[in-house]
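Remarks on the structure that follows.
The values are calculated or read from the model by the stated rules, or taken from the named source; none is laboratory data. Remember, predicted model here, so these are calculated numbers, not experimental data. All Cβ positions, glycine included, derive from the backbone under ideal geometry; neighbour counts span all protein chains shown.
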Amino acid sequence: MPQNIFIWVAHPRETSFCSALADAYQAGAEERGANIRRINLHAMRFALDFEGYGKDMPALEPDLLTWQEAITWADHLLIVHPYWWGSMPAPAKAVLDRALIPGFGFRYHKRGVFWDKLLTGRTADAIITSDTPPWYDTLVYRKPGRRVLRNQVLGFCGIKMRKLVQFGTVKTANEAKRARWIERAREMGRSAAL
């Protein structure tokens, strides 16, 4: 049975290296017969102001509901985003804040600090682009963006990370290096489709 793969390009600009990486991943997955749904952050429309979780939370806009539906449908996810100030861009983080809500991504127990992970059974890959060299991000900053995405976002909701790669330094990468990164993304897509 073919894998259902949801690709989320979490870059606020329409043309970006993140989009090229997602294209390659998608092509690799489709070569192996995967079904793909893709959402690009730049095309999503929703309110960025959010005061927190509670009874008076605003209703989700259609693009956020479509994003949730894609996760529900998917066996596997790919998230591609740039690394800005140690994390994903603010509009991408706003999608997580607004759409990974109690009752969809998780459910707290009535007592205590524990919760149910409502998105178990799914896996994910992530590709992060950065101008920070990945080795420097690991040794000096202790890879905050990668840890948050793996543990406090996806893991918190029950999604198991398979592969998480960080490509950088993008601003100094020549065409040959970028081509190698594109091919690695294609191979990740092929692997995800199995």
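Looking only at helices (runs of 4 or more DSSP H) that lie completely in segment 87-150, which have at least 2 residues being in contact (Cβ under 8 Å) with a residue 24 or more places away in the chain and surrounded by 17 or more Cβ atoms within 10 Å (Cβ to Cβ)?
Working: elements: 90-99, 134-139, 144-147.
Result: 90-99, 134-139.
Give all pairs with beta carbons closer than 6 Å in which a residue from segment 53-79 that is within 30 Å of ALA29 (Cα to Cα) and surrounded by 18 or more Cβ atoms within 10 Å (Cβ to Cβ) meets a residue that is modelled with pLDDT of 95 or more and of a type in the set (Lys, Arg); count only pairs at least 6 apart in sequence or on separate chains.
That search, which allows pairs on different chains as well, returns LEU64/ARG98; ALA70/ARG37.
With the structure loaded, tell me whether LEU41 is within 21 Å of ARG162 (Cβ to Cβ), in contact with a strand residue (DSSP E or B) (Cβ under 8 Å, 6 or more places away or on another chain) and modelled with pLDDT of 95 or more or whether it fails that test.
Details: within 21 Å of ARG162 (Cβ to Cβ): no; in contact with a strand residue (DSSP E or B) (Cβ under 8 Å, 6 or more places away or on another chain): yes; modelled with pLDDT of 95 or more: yes.
In short, no.
In this structure, does PHE156 turn out to be out of contact with any Asp or Glu (no Cβ under 9 Å at 6 or more places or on another chain), of a type in the set (Phe, Trp, Tyr) and assigned to a strand (DSSP E or B)? Before you say what the answer is, go through the steps one by one.
Numbers: out of contact with any Asp or Glu (no Cβ under 9 Å at 6 or more places or on another chain): yes; of a type in the set (Phe, Trp, Tyr): yes; assigned to a strand (DSSP E or B): no.
No, not satisfied.
Only one residue in VAL9, VAL80 is in contact with a Lys or Arg (Cβ under 8 Å, 6 or more places away or on another chain), farther than 23 Å from LEU118 by Cβ and not small (Gly, Ala, Ser), so which one is that? Please lay out each step first, then the result.
Details: VAL80 fails: in contact with a Lys or Arg (Cβ under 8 Å, 6 or more places away or on another chain).
Just a single option satisfies the conditions, and that option is VAL9.
Scan segment 163-191 for residues that are basic (Lys, Arg), surrounded by 15 or more Cβ atoms within 10 Å (Cβ to Cβ) and touching a residue at least 40 places away in the same chain (Cβ under 8 Å) and report the count.
The number of residues fulfilling the criteria is 3.
Six or more apart or on different chains, Cβ atoms under 9 Å: show the pairs whose first residue is in segment 8-24 and farther than 24 Å from ALA34 by Cα and whose second is assigned to a loop (DSSP other than H, G, I, E, B).
Within 9 Å, the pairs are PRO12/PRO89.
Could you please find all residues in segment 139-162 being among the hydrophobic types (A, V, I, L, M, F, W, C) and either out of contact with any Gly (no Cβ under 6 Å at 6 or more places or on another chain) or under 16 Å from ALA92 (Cα atoms) (or both)?
Step one: filter segment 139-162 for residues among the hydrophobic types (A, V, I, L, M, F, W, C), giving 139-140, 148-149, 153-154, 156-157, 159, 161.
Matches in segment 139-162: LEU139, VAL140, VAL148, LEU149, VAL153, LEU154, PHE156, ILE159, MET161.
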